[in-house]
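**Q** Take this structure first; my questions come after.
The values are calculated or read from the model by the stated rules, or taken from the named source; none is laboratory data. This structure is a prediction, so every number in the text was calculated from the model and none was measured. As a convention, Cβ positions derive from the backbone with ideal geometry for all residues, glycine included, and neighbour counts pool all protein chains shown. For the accessible areas, the whole protein counts, side chains as well, though only heavy atoms, and no ligand, DNA or RNA atoms are used. Shrake-Rupley method; radii C 1.70, N 1.55, O 1.52, S 1.80 Å.
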Amino acid sequence: MKLYTLMAALVVCFFANAQDKQAYQIYTKDGKPTTYKKLLKASEDTDVLFFGENHDNALNHWLQLELTKDLAEKKSLILGAEMIEADNQKQLNQYLKGEIDQKVFDSTARLWKNHKTDYKPLVDFAKDKKFPFIATNVPRRYASMVYKGGFEALDKLSAEEKTWVAPLPIAYDAALPKYVKMLEMSGGHGGDNLPKAQAVKDATMGYFIAQNLKPGTVFVHYNGTYHSDHFEGINWYLKRLKPNVKIITIAAVQQKDVSKLEKEFLNSADFILVIDEDMTKTF
């Protein structure tokens, strides 16, 4: 009777696990499954946390908010994002202080089309907690200038405009794997200026993060995963400015099966968030 009971229990357990649907799984950089609890713990012991995202992924945005809330219970935070450009910092500060409402903020800042669903909750959390929120990205028109005319095009900016971009001249290493791969994927379209347009974004985000670091505080930065994957991009520029800064990176990837990290994503970040490819898109 005892043997029958044990076998029945094992069968029930097997079918329960087989029917379980898992939306995501977190892995370490070497592909070992880990937990949200360990991710949160590691995030407490760093200066900068890069949360790389797929911009249209609902689960990405949910976990960003949850991790930020939980981390705020342990540490003082500074938040920052690629999705708001440096020349809109004034409007962002006005919104955080309650001087303008969301309608005015929408009309005066160049907010992304998914701001209300995906980034407004993060900005509002900073507002409620009175945390700084830094608009770290270069104005997109400057990235367009670099794409068309190289870094030299930035020399034409006025003194005020140059305050919204990393100090010139922009450091650049064309041999970094990220930029090499970008050229390969583009098939040569855009030439050498294509990765340079990416680099001016990375450089500017790294610069504004470095400018706003505070001892004992974690700077949580939200950006497209490509900007921080493989410890390059923003990481490279931030390390040039702050060689001793402690950084934790999260990369976001999508797979059909979340139960095992695919080889191509190994070592892409300290923590790799694998999301079911059928996850709802926000736009």
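**Q** Criterion first (surrounded by fewer than 19 Cβ atoms within 10 Å (Cβ to Cβ) and within 30 Å of residue 74 (Cα to Cα)) does residue 155 satisfy it?
**A** The answer is no for residue 155.
**Q** Kindly indicate whether residue 165 is under 30 Å from residue 77 (Cα atoms), modelled with pLDDT of 95 or more and open to solvent by less than 20 Å² (accessible area, probe 1.4 Å).
**A** Taking the combined requirement at face value, the residue satisfies it.
**Q** Another question, then. Exactly one of these conditions fails for residue 245: (1) assigned to a loop (DSSP other than H, G, I, E, B); (2) under 28 Å from residue 22 (Cα atoms); (3) in contact (Cβ under 8 Å) with a residue 12 or more places away in the chain. Give me its number.
**A** (2)
**Q** Now for a separate question. Say we look at region 31-78 and pick out the residues that are in a helix (DSSP H, G or I) and among the hydroxyl-bearing types (Ser, Thr, Tyr); which of these is surrounded by the fewest Cβ atoms within 10 Å (Cβ to Cβ)?
**A** 36
**Q** Then there is this: I need every pair where a residue in region 207-232 that is under 15 Å from residue 243 (Cα atoms) and modelled with pLDDT under 95 has its Cβ under 6 Å from the Cβ of a residue that is in a helix (DSSP H, G or I) and of a type in the set (A, V, I, L, M), sequence separation at least 6 or different chains.
**A** Once the first residue is under 15 Å from residue 243 (Cα atoms) and modelled with pLDDT under 95 and sits in region 207-232, no partner that is in a helix (DSSP H, G or I) and of a type in the set (A, V, I, L, M) comes close enough.
**Q** Looking at 158, 76, can you tell me which residue is among the small types (Gly, Ala, Ser), out of contact with any strand residue (DSSP E or B) (no Cβ under 8 Å at 6 or more places or on another chain) and at pLDDT 95 or above?
**A** Working: 76 fails: out of contact with any strand residue (DSSP E or B) (no Cβ under 8 Å at 6 or more places or on another chain).
The conditions single out 158.
**Q** Checking the conditions here, which among 267, 235 is farther than 21 Å from residue 61 by Cα, polar (S, T, N, Q), at pLDDT 95 or above and open to solvent by 50 Å² or more (accessible area, probe 1.4 Å)?
**A** Numbers: 235 fails: open to solvent by 50 Å² or more (accessible area, probe 1.4 Å).
Answer to the selection: 267.
**Q** Here's a follow-up. Take the residues in region 163-183 that are assigned to a helix (DSSP H, G or I) and over 17 Å from residue 232 (Cα atoms); name whichever of them is nearest to the chain's Cα centre (by Cα).
**A** Here is the first cut: in region 163-183, the residues assigned to a helix (DSSP H, G or I) are 163-164, 177-183.
Next cut, over 17 Å from residue 232 (Cα atoms) only: 163-164.
Values: 163: 23, 164: 20 Å.
Only one residue tops the list, namely 164.
**Q** Kindly indicate whether residue 196 is of a type in the set (Lys, Arg), crowded, with 18+ Cβ neighbours inside 10 Å and in a helix (DSSP H, G or I).
**A** Yes; evaluated as a whole, the condition is true for this residue.
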